[in-house]
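K.L.:
Would you mind keeping the following structure in view while I ask a few things?
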Amino acid sequence: MLYEEMACSSRGYEVGGLADGKGGLVVTGVILPAQFADLERFVAKWDKPGTAERYAVRLASTMEELQDFHDALLPRMADIRAHLDGKSFDAYSDADRRLGRLAFAWISAAEAVEVFKQPRVPDSKGYWDVRAEADL
């Protein structure tokens, strides 16, 4: 594997890691804040920079994968919110930003699990491009 570094200056963070051979990046170093380390298995798949990218992951996921992600984060969402709300946005570490992006991704997965009972929104086109949250 080749070492890559992705610098996202428009979002103000840098991620170092190894190319995973699938067009993704395996994050190295502190992945999530320590109290959320049990959620690190979801970072490679769900840590995407925008709504459209997260929706694409949702569409490419099975209901079993969506349910697993949903069930793992649901009981932790209050703790995630308390952790992120406990500091100013400017004080977020890369691990905090990843945690925030996982929370954003959970919203998309929760819609599929709780509302639509399938990855795709019924009777809709397959993809949409909406920006509904701040850059993390």
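K.L.:
With unit charges on the beta carbons (Lys and Arg positive, Asp and Glu negative) and the dipole taken about the Cα centre of the range 32-116, which residue among L73, A91, T62 sits farthest to the positive side?
P.N.:
Positive-most Cα among the choices belongs to A91.
K.L.:
Taking every pair of Cα atoms in the range 32-116, average 1/r, invert it to obtain the Kirkwood radius, and report Rg/Rh to two decimals.
P.N.:
Rounded to two decimals, Rg over Rh is 0.95.
K.L.:
With +1 on the Cβ of every Lys and Arg and -1 on the Cβ of every Asp and Glu, and nothing else charged, how large is the dipole of the range 55-96 about its Cα centre, in debye rounded to the nearest 20?
P.N.:
I would put it at about 120 debye.
K.L.:
What is the diffusion coefficient of the range 25-69 in µm²/s, taking the Kirkwood radius over Cα pairs and the Stokes-Einstein relation at 20 °C with a viscosity of 1.002 mPa s?
P.N.:
My calculation gives 185 µm²/s for D.
K.L.:
What order do you get for 59-72, 93-106 when each peptide is scored by the mean count of other beta carbon atoms within 10 Å, highest first?
P.N.:
Highest mean packing first, the order is 93-106, 59-72.
K.L.:
Remind me, relative contact order of the range 32-116 in percent, using alpha carbon pairs under 8 angstrom and six or more residues apart?
P.N.:
48 percent
K.L.:
Order by neighbour count: I107, I80, fewest other Cβ atoms within 10 Å first, most last.
P.N.:
I107, I80
K.L.:
A follow-up question, please. Want the number for A52 to K87: 0.36 nm per residue separation, take away the alpha-carbon distance, what's left?
P.N.:
Computed gain between A52 and K87 is 9.9 nm.
Read-outs throughout are calculated quantities, based only on the coordinates presented, and are distinct from any laboratory measurement. Everything numeric here is computed off the predicted structure, so don't read it as measured data. Note: ideal-geometry Cβ built from the backbone for every residue, glycine included; neighbour counts use all protein chains shown.
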